[in-house]
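Data block below; observations after.
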Amino acid sequence: MHCQYRITLVLFFLFIVFGNIFGQNKIENELILQLEPGADIENTITSLFRQNILKSKASTKRLAPEPFNFWKITLKRNISQETINKISSLPNVLKTQYNHSISYRTVPNDSLFTNQWSLNNTGQSGGENDADIDADLAWDLTTGGISPSGDTIVICIIDNGVDTSHVDLVGNIWKNNKEIRGNGIDDDGNGYVDDYLGWNTYLDNDNISGGNHGTPVAGIIGAKGNNKIGICGINYNVKLMVLVNGDEEADIIGAYLYALKMRKLYNETNGQEGAYIVATNASFGIDNARAEDHPIWCSVYDSLGNAGVLNVGATANNNINVDAYGDMPSSCPSDYLLTVTNIDKYNQKVNGAGYGKQTIDIGAYGKGTFSLKNYDNYGSFGGTSASTPHA
Ligand SMILES: [Ca+2]
Ligand SMILES: [Ca+2]
Ligand SMILES: [Ca+2]
Ligand SMILES: [Ca+2]
């Protein structure tokens, strides 16, 4: 029930972000009409005007020769669903619907895209056909960037830094445009001085360089897509906020609090300040750790969730039952933390990956996936660290 609730929450978040996209392609002044065999289109249109169901001029186009009786009707004004229902109930009319625009389904043109079996698996790496996240189908709806209500979508990566000058990341790195870098002043008044590129909670500045681990994580989430270069992020266009922690829990909590601050500012100022962070990624943890020993870390997920942020966390790279032996953060009970284990190109759980009916929510592709490496390089990446950004 615990897991089911979390998955419902995830679907709810996705609905908020993507929900309004469905149904956008309706052409509101065009109908498709199917008449009874032999029924006359001109008589039908005349009778629609006589009954005052249609009020603007209509042109007709036959969709196929007799005996088919299908028509496209184009009107000067938009029509309501109610009008369509009225037309459908007329004698001689078999069916009526809106006309819709379609889009052609293309694959991105990134030169190394075929290495990314986890996004679209046709068995190219010896794996099982369709053992993938069906990214191609998701891209028919959106390739990332801006929410339907016009907010710039930000995903927060907490890691050991990112190679922000990587040719396949440039343009997708979040910057705090309200902050002037290096002037020693907290220009945007968020409590952090010179937090222009992100924030490093260990150094207390915006040095987010490094990234032998963070760069491949960033690439999976948001390498620039369809730019003819390298790989394609799950989001072609997204803003990646990079937060760097040291190697201790206090820095991690500090990083989450930065994300919380920025999302709360965004909520409170109607998008004038802060950042529209929708998700955080944590590809790190502590093996065999009990949630009850980390109450502050765990409770930050609830605060983030209440502000509108879904958090995704990796479980252990060990074949252990997390329900019994614990793991941080994947044994935190927060409903706003999605915990992820590792599955491979055959849709099997990787042997060296944690599991647990109570604590682990989903498996995502990790082992042998492909992403960015520092200094404009590319290569394979794995472990639950790679699964989490896929989720
Ligand atoms: Ca597929
Ligand atoms: Ca600041
Ligand atoms: Ca400043
Ligand atoms: Ca690319």
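The values are calculated or read from the model by the stated rules, or taken from the named source; none is laboratory data. Bear in mind the structure is a predicted one, so any value in this text is a computation, not a measurement. All Cβ positions, even for glycine, are placed from backbone atoms using ideal geometry, and neighbour counts span all protein chains on display.
What number of residues within segment 187-226 are within 16 Å of ligand 4 (Cβ to nearest atom) and either outside any helix (DSSP H, G or I) or among the polar types (S, T, N, Q) (or both)?
Qualifying residue count, segment 187-226: 5.
Quick one: in segment 172-216, of everything that is among the basic types (Lys, Arg) and more than 8 Å from ligand 3 (Cβ to nearest atom), which residue is nearest to Thr269 (Cα to Cα)?
Among those residues, the one meeting the criterion is Lys178.
Identify, please: which residue in segment 287-317 is polar (S, T, N, Q) and assigned to a helix (DSSP H, G or I) and is, among those, nearest to the chain's Cα centre (by Cα)?
Of everything passing the filter in segment 287-317, Asn306 is nearest to the chain's Cα centre (by Cα).
Considering only residues of segment 318-331 that are over 23 Å from the mean Cα position of the chain (by Cα) and in a loop (DSSP other than H, G, I, E, B), which is surrounded by the fewest Cβ atoms within 10 Å (Cβ to Cβ)?
Asn319
Would you call Val340 surrounded by fewer than 23 Cβ atoms within 10 Å (Cβ to Cβ), touching a strand residue (DSSP E or B) at 6+ places or on another chain (Cβ under 8 Å) and among the β-branched types (Val, Ile, Thr)?
no
If you take the residues of segment 308-317 that are small (Gly, Ala, Ser) and within 16 Å of Ile158 (Cβ to Cβ), which of them is surrounded by the most Cβ atoms within 10 Å (Cβ to Cβ)?
Per the criteria, the residue is Ala314.
Would segment 145-156 turn up any residue that is surrounded by fewer than 17 Cβ atoms within 10 Å (Cβ to Cβ), among the β-branched types (Val, Ile, Thr), within 21 Å of the chain's Cα centre (by Cα) and under 22 Å from Ala223 (Cβ atoms)?
Yes, segment 145-156 contains a residue that is surrounded by fewer than 17 Cβ atoms within 10 Å (Cβ to Cβ), among the β-branched types (Val, Ile, Thr), within 21 Å of the chain's Cα centre (by Cα) and under 22 Å from Ala223 (Cβ atoms).
If you check Gly233 against the conditions, is it assigned by TED's automatic domain parsing to the domain that holds Asp140, modelled with pLDDT of 95 or more and in contact with a Lys or Arg (Cβ under 8 Å, 6 or more places away or on another chain)?
In short, yes.
Go through segment 256-276 residue by residue and tally those that are touching a residue at least 12 places away in the same chain (Cβ under 8 Å) and outside any helix (DSSP H, G or I).
Adding up the residues that qualify gives 5.
Looking at (1) assigned to a loop (DSSP other than H, G, I, E, B); (2) crowded, with 18+ Cβ neighbours inside 10 Å; (3) not hydrophobic (A, V, I, L, M, F, W, C), which one does Asn281 not meet, given that it meets all the others?
Every condition holds for Asn281 apart from (1).
Taking the options Ile220, Ile234, Ile229, name whichever one is within 16 Å of ligand 1 (Cβ to nearest atom) and under 22 Å from the mean Cα position of the chain (by Cα).
Ile234
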